[in-house]
Amino acid sequence: MASRIRTVLEMIKFEHSVFALPFALTGALLAARATSHAWPSLRQILWIVAAMVAARSAAMTMNRIVDLRYDRENPRTQQRALATGALSLTFAWGFTAIAAAVFLAAAWQLNLLALKLSPVVLALLFLYSYAKRFTSWSHVILGFCLGISPAAAWIAVTGGLDARILLLCAAVTLWVGGFDVLYACQDVEFDRRAGLYSIPKRFGVARALEIARAMHAGVVALLAWLAASFALPWPAWAGIVVVAALLAYEHSLVKANDLSKLNAAFFTVNGYISVLFFLFWGAAAAFWRG
């Protein structure tokens, strides 16, 4: 049983939940502080976390189902659970259905608007699995799938939406899209053989790295705009400086002719970015008077 659970967690890359969850929780904190000068309730936080984990689990499993043919052909992905037969397609479809049901239930527990929008969110998450078949900008679609999390958390807490939180959505979209461009650099040759689309395939690795840098520069600008629009105190600005420094370090690890440190850039640095951003902006929310 423990081995099967580990296999499932590996299939959905459960540890990568750290990438999006802190931004969703930041959205929840800003929502509560901006609208009622209070904090999200424990009940709201728990259902937001449940919704995030369930939605991401459904999306990741669907991605593995849809990409099974490519996972079997790509040397980098041949050891994934569905590709090796460690998990069956029947199990994967069932797991996707259960995760989607948990997401819908969590949205129902939050408020009516969250419930109404939940099918739209699932449709968007499932769309990403097909994006690389028709657009080089699939990285941005993936970024948007995670980028909507702060707005979703705002809706979960307030039952409405403030346009200013869309700046954080845009920042997360560019952040995720940018590091996905970096990650895709290792699959350029396979994408060419398989007829898949990506920015590195279309523009070359060197140009793709420049595009990723531009996207991450946009992240810093958007975060500064967001902090100014909410008039957040100094910890938010300190957090932006930390994010900018880590993004610069991330790009220093990856060269067009040397992708050997790509995993460090992708997993380690981005994990630090999301967690430290939440800590600094959580501190800002504590000091903030709205």
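Structure above, values below:
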{"item": "Leu125, sole failed condition from (1) in contact with an Asp or Glu (Cβ under 9 Å, 6 or more places away or on another chain); (2) touching a residue at least 60 places away in the same chain (Cβ under 8 Å); (3) not hydroxyl-bearing (Ser, Thr, Tyr)", "result": "(1)"}
{"item": "Those residues of the range 124-166 which are of a type in the set (A, V, I, L, M) and within 17 Å of Thr61 (Cβ to Cβ), in sequence order", "result": "Leu124, Leu125, Leu127, Ala131, Leu142, Leu146"}
{"item": "Residue that is within 19 Å of Ala248 (Cα to Cα) and within 18 Å of the chain's Cα centre (by Cα), where the choices are Phe179, Phe126, Phe144", "result": "Phe179"}
{"item": "Output for the range 67-99, where each listed residue is of a type in the set (D, E, K, R), closer than 19 Å to Cys185 by Cα and under 22 Å from the mean Cα position of the chain (by Cα)", "result": "Asp67, Asp71, Arg76"}
{"item": "Segments classed as helices (runs of 4 or more DSSP H), wholly inside the range 55-134, with at least 3 members that are surrounded by fewer than 21 Cβ atoms within 10 Å (Cβ to Cβ) and at pLDDT 95 or above", "result": "89-110, 112-131"}
{"item": "Tally, over the range 270-283, of residues that are buried (at least 19 other Cβ atoms within 10 Å of the Cβ) and closer than 24 Å to Leu209 by Cα", "result": "4"}
{"item": "The range 191-209 - residue that is in a loop (DSSP other than H, G, I, E, B) and not hydroxyl-bearing (Ser, Thr, Tyr) and, of those, surrounded by the most Cβ atoms within 10 Å (Cβ to Cβ)", "result": "Leu196"}
{"item": "Enumeration of residues in the range 100-118 that are of a type in the set (Phe, Trp, Tyr) and over 20 Å from the mean Cα position of the chain (by Cα)", "result": "Trp108"}
{"item": "Output for the range 156-171, where each listed residue is out of contact with any Phe, Trp or Tyr (no Cβ under 7 Å at 6 or more places or on another chain) and surrounded by fewer than 24 Cβ atoms within 10 Å (Cβ to Cβ)", "result": "Thr158, Gly159, Gly160, Ala163, Leu166, Cys169, Ala170"}
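The values are calculated or read from the model by the stated rules, or taken from the named source; none is laboratory data. A quick note: this is a predicted structure, and the numbers were derived from the prediction, not measured. Glycine also receives a Cβ, built like all others from the backbone with ideal geometry; neighbour counts cover every protein chain displayed.
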